[in-house]
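J.: Starting off with a structure, shown below.
Please treat every number below as a calculation from the coordinates, not as lab data. In this text the structure is predicted, and so the values were computed from the model without any measurement.
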Amino acid sequence: MKSQRRSLLLDLLYQVLASPSKAFGVVSQRRPLGWAILTAIFSSVVSALILLPNPPELVEVIFDLEKGRLGLVPVITIWVIIFLVALLVQAGFFHMVALLLRGKGGYLGMFCGVCFACFPLVFSAPLALMRALLDSRSGSLLYYVLSLFFFLWILVLYVIAIRQNYHLSPGRAATACFAPAFVVIVIPLLVLFISMAF
């Protein structure tokens, strides 16, 4: 039984990379919450350890704390909790917009979808290693280009997850994906610029 569950997870992770439509179709039907959360935790830990040079020291600097006061485990734990809460909120935004666009699907399937959609973050490890080995201007440029590629890849996975979970057209799924960002980022910026102008 455990080996079958492990096989399901490995199959899903492979399909997220190789055949995302199939993977997110399975995720929307089965809603494997445990595996989804485990994938999100793994992705968030890898990204925290790779993207942040020294998480405890960074937090100490941000909050002006005494050096050496924080350990790695509590900082990573808080990072993982924030990451999971962000995914919960993100899935909630996608769910509301998808329902407004007459999609038919559940919140749990969407949350599982965004958890699996973050899986490409694990590739930040070899990307950071490549940047360290190619310590030059061209290496840094390649790092930023590939980072942008991974960011766009995750956005595409979000759109596919929304489309499969709510049975929407690709255009409506993309709208459901980008509308929350417009509401949360673009509108407040516009309000800020207008208030500064007057």
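J.: Which ³J(HN,Hα) values in Hz, rounded to whole numbers, follow from the phi angles of the stretch 155-166 under the Karplus curve 6.51 cos²θ - 1.76 cosθ + 1.60, where θ = phi - 60° and Gly and Pro get x?
T.: 4, 4, 5, 4, 4, 5, 4, 5, 4, 6, 6, 10
J.: Could you go through the stretch 106-111 in sequence order and give the Karplus-derived ³J(HN,Hα) for each residue, using 6.51 cos²θ - 1.76 cosθ + 1.60 with θ = phi - 60°, rounded to whole Hz, and x for Gly and Pro?
T.: Values, residue by residue: x, 5, 4, x, 5, 4 Hz.
J.: Taking amide hydrogens as modeled 1.01 Å from N in the peptide plane, which residues meet the under 5 Å criterion relative to LEU168, leaving out close sequence neighbours?
T.: Amide H neighbours of LEU168: none.
J.: Quote to one decimal, in nm, the extra length available between LEU99 and PHE149 on full extension: 0.36 nm per residue of separation minus the C-alpha distance between them.
T.: This chain segment gains 15.1 nm when fully extended.
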